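Scroll down for the structure; my scribbles are underneath it.
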Amino acid sequence: MGQSVSLCTPRWIDVQGVKNFRDIGGWPVRDGNGYIRERFVFRCGHLVNATQKGKDVLKQLNVVAAFDFRSDPELERQGIMPEINDLTRYPSAIFSKDDYSPAALATRWQGYFEGATGFPKVYMIILEKGGPQFRKIFLHMLENHSRQSTKSLIIHCTAGKDRTGVFIMLLLSLCGVDDEIIAQEYAMSNLGYWEAESELQAKADMLGVTVKDMRMVMSAPYLAMRETINCLKEKYGSTEEYIKTMCGLNKEQIEALRDLMIVRIPFEERQLFRPKI
């Protein structure tokens with residue numbers, strides 16, 4: 001048709017009081033016959049400081065569920081999201097209190113301090129421990145949403161980059177989004193999440209490390225997610241096999257999840273939509 005301009009749904013959404021809030025939809029799938037459904041799954045940092053304006057935006061987005069990966073020590077320190085009509089918070093802690101022992105924390109934080117190639121060590125721990133919680137989200141999606149529904153959900157942790165990033169990687173990968181896109185999407189948290197220098201210094205002092213180390217912990221390196229995807233494939237064979245093995249979903253449920261997440265484009269209409277990647 002000779003068209004060179006298309007309409008785009010904004011990815012970043014200003015939810016006042018919430019960092020790193022964005023839509024994971026719109027990315028093309030590898031075979032070129034569809035893209036990830038928009039305004040369905042959102043990712044972000046914690047919702048504790050959401051203002052009334054922020055809550056109003058969540059209502060407009062028709063968010064009905066928020067899956068919170070934070071653990072008890074984080075909840076005690078940060079608090080819980082404010083009540084919002086028709087929005088249910090689902091506690092979905094990946095780490096237990098034992099995982100916050102000095103020894104366990106030292107192991108995880110050391111991975112972050114090693115930089116992009118160290119992050120996968122932490123993310124593989126998240127994959128090992130997160131299966132039951134990831135299963136809960138997948139089943140919620142299948143049982144409470146449909147292709148016709150306008151209801152949406154939020155996946156979040158504290159910053160919305162590590163635990164949240166691993167889950168979003170699984171979901172996008174299962175739907176056939178290219179690894180390159182997944183890693184770039186993950187790295188967008190470098191734009192969406194930040195901490196003041198005073199906060200970084202306080203955390204650095206608490207852990208006995210440098211502010212430079214803390215900046216690395218707070219970052220979302222592209223290479224970290226690429227290496228994590230490689231590690232997942234080496235250990236489990238594929239994302240689908242991970243979800244079968246660690247989340248307990250069967251083939252039919254996985255196909256239903258893809259059907260829910262992917263907007264299919266008929267062959268004759270592909271030129272009018274997103275280009276094949």
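The values are calculated or read from the model by the stated rules, or taken from the named source; none is laboratory data. Remember, predicted model here, so these are calculated numbers, not experimental data. Heads up, the Cβs are rebuilt from the backbone with ideal geometry, glycines too, and the neighbour counts pull from every protein chain shown. Note: accessible area is taken over every heavy atom of the protein model, side chains too, but ligands, DNA and RNA are not part of it. Shrake-Rupley method; radii C 1.70, N 1.55, O 1.52, S 1.80 Å.
Some notes on this structure:
- From largest to smallest, the equivalent ellipsoid semi-axes obtained for segment 13-156 from the alpha-carbon gyration tensor read 27, 21, 15 Å.
- Around the Cα centre of segment 57-139, unit charges on the Cβ atoms of Lys, Arg, Asp and Glu (plus for the first two, minus for the last two) sum to a dipole of about 180 debye.
- Remark on segment 37-92: ratio of C-alpha radius of gyration to 2.2 N^0.38 Å is 1.13.
- With both labels modelled 7 Å from their Cα along Cα-to-Cβ, the Lys136 to Glu199 distance reads 2.5 nm.
- Kirkwood estimate for segment 101-163, i.e. one over the average of 1/r between Cα atoms, Å: 13.9 Å
- Measuring with a 1.4 angstrom probe and ignoring ligands and nucleic acids, Met188 comes out at about 30 Å² accessible.
- With every protein chain in place, segment 121-277: carbon and sulfur % of accessible area (1.4 Å): 54 percent
- Volume per residue for segment 160-277 equals 140 cubic angstrom (convex hull of Cα atoms).
- With contacts taken as Cα pairs under 8 Å and at least 6 residues apart, segment 5-130 reaches a relative contact order of 17 percent.
- Over all distinct Cα-Cα pairs of the chain, the Kirkwood formula returns a hydrodynamic radius of 19.4 Å.
- Ranked order, Trp12, Trp194 - accessible area, probe 1.4 Å, largest first: Trp194, Trp12
- For segment 127-242, the dipole from Cβ point charges (+1 on Lys and Arg, -1 on Asp and Glu) about the Cα centre works out to 360 debye, to the nearest 20.
- Entry note, segment 124-277: relative contact order of 32 percent, from Cα contacts under 8 Å with a spacing of 6+ residues.
- Dipole moment magnitude, nearest 20 debye, the chain about Cα centre, only Lys, Arg, Asp, Glu C-beta charged: 340 debye
- Per-residue ellipticity at 222 nm, computed for the chain from helices alone with -39500 (n - 2.57) per DSSP H run of at least four residues, works out to -14500 deg cm²/dmol.
- With the highest mean first, a sort of the peptides 48-61, 151-164, 95-108 on other beta-carbon atoms found within 10 angstrom per residue produces 151-164, 48-61, 95-108.
- Selection from Tyr186, Gln110, Ile24 lying farthest towards where the dipole of the chain points positive, charges on Cβ: Ile24
- Computed extension length for Ala256-Lys97: 53.8 nm, one decimal, from 0.36 nm per residue of separation with the Cα-Cα distance subtracted.
- The antiparallel fraction among DSSP beta bridges confined to the chain stands at about 40%.
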